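Please treat every number below as a calculation from the coordinates, not as lab data. All of these numbers come straight from a predicted model, not from anything done at the bench. Because the Cβ atoms are built from the backbone with ideal geometry, glycine has one as well, and the counts that use them run over all protein chains shown.
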Ligand SMILES: [Zn+2]
């Protein structure tokens, strides 16, 4: 088992224990407030236990005893509900509130499959994108500020940066809305500090909450994975499988990696394979198309042009406005 998976498993165990401790505290609070509920709880246990003993002793009267038990339970349940309603306390106060209701924070669904929340957490850990969670909190579509972008047209572009961003923003939202049916991927290109990472993280957040499995990886890390794979240093082959298999693959800052020449075939294979199966990607890069072509080949850029909606971001660095 990979180290990442081991760490996530440990986190889930803690998460589950926290939920159970919260539940225990809540039950204790409610019992303090309505002591009769504690008595009822004892009565239920006692009555249940006695009934089993009686059934053993008098098997012939089993049905009759069961009926008595059911009635007694119903009566106590009614009394409990009345008391809770009177005090304005939720009827299911004894239930654990797990973060994920699908797997109750165990990581596995009832039919034994790995839960999507667990799969996603392992991927986040594996691709060293632990900062992705911080980014996802900061970057969402509703936090995007168009007013950070100047509305003046310069002689370099026919639209103002704001107008350009508005269009890109709308198309990115649409990309998420149509995710199940469309086949085009996205590429954001332009200098640092114009919101490429912000927009892609907003899309990632939206798609994860829609239940998609997303792998977000920085190019530098991606090429380290390729290198490790080549020399058999990868602990878990699943890391590679996920790059091919996930619903959305985000490669951030393509071009920032140092040694891409030696491992380009890996990158090409992933992009070829994904595009041929209609699986989508988001690529962020500071490089423009001629630079990309010089660095990665003409074949690479023609793949991009064919399968990606390419957005050019321009304007001034907005990061200082976001502090
Ligand atoms: Zn889950």
Inset, instruction - Averaging sequence separations of C-alpha pairs under 8 Å and six or more residues apart, then dividing by the length of the chain, give the relative contact order as a whole percent. - result: 20
Inset, instruction - Could you work out how far apart the two model spin labels at residue 141 and residue 75 are, taking each label as a point 7 Å from the Cα in the direction of the beta carbon, and quote it in nm? - result: 5.7
Inset, instruction - Please give the helix 260-276 orientation as an angle from the longest Cα principal axis of the chain, in degrees from 0 to 90, rounded to the nearest 10. - result: 60
Inset, instruction - Between residue 152 and residue 42, with labels modelled 7 Å along Cα→Cβ, what's the label distance in nm to one decimal, could you check? - result: 7.9
Legend entry - Residues 187, 101, sorted so that the one with the fewest Cβ neighbours within 10 Å comes first: 101, 187
Inset, instruction - Please check which bits of the range 45-71 a label hung off residue 91 would reach, taking the label as a point 7 Å along Cα-to-C-beta and the cut-off as backbone N under 19 Å. - result: 70-71
Legend entry - Fluctuation leader among 37, 313, 243 - the chain, Gaussian network, Cα springs under 10 angstrom: 37
Legend entry - Highest-MSF residue in the chain out of 124, 105, 85 [GNM, Cα springs under 10 Å]: 85
Legend entry - Share, in percent, of DSSP beta bridges within the chain that are antiparallel, nearest 5: 5
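Determine the gain in length on full extension of the stretch residue 302-residue 28; use 0.36 nm per residue of separation and subtract their C-alpha separation, reporting nm with one decimal.
92.2 nm
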Legend entry - Separation in nanometres of the label points that stand 7 Å from Cα toward Cβ, at residue 54 and residue 68: 0.2
Inset, instruction - Arrange 217, 134 by Cβ neighbour counts within 10 Å, fewest through most, would you? - result: 134, 217
Inset, instruction - Whole Å is fine, so just give me how far the alpha carbon centre of the range 41-84 lies from that of the range 101-157. - result: 49
Legend entry - Neighbour-count order for 44, 239, 215, fewest beta carbons within 10 angstrom listed first: 44, 239, 215
Legend entry - MRE, 222 nm, helices only [DSSP H, n ≥ 4, -39500 (n - 2.57), over the chain, to nearest 500]: -19000 deg cm²/dmol
Legend entry - Crossing angle, helix 3-33 versus the chain [Cα axis fit, 0-90 degrees, rounded to tens]: 40
Inset, instruction - Relative to the longest principal axis of the C-alpha atoms of the chain, give the angle of the C-alpha long axis of helix 298-307, reported between 0 and 90° and rounded to the nearest 10°. - result: 50
Legend entry - Per-q log10 I(q)/I(0), the range 12-74, q = 0.13, 0.20, 0.22 Å⁻¹ (Debye; single scatterer per alpha-carbon; no solvent): -0.56, -0.79, -0.85
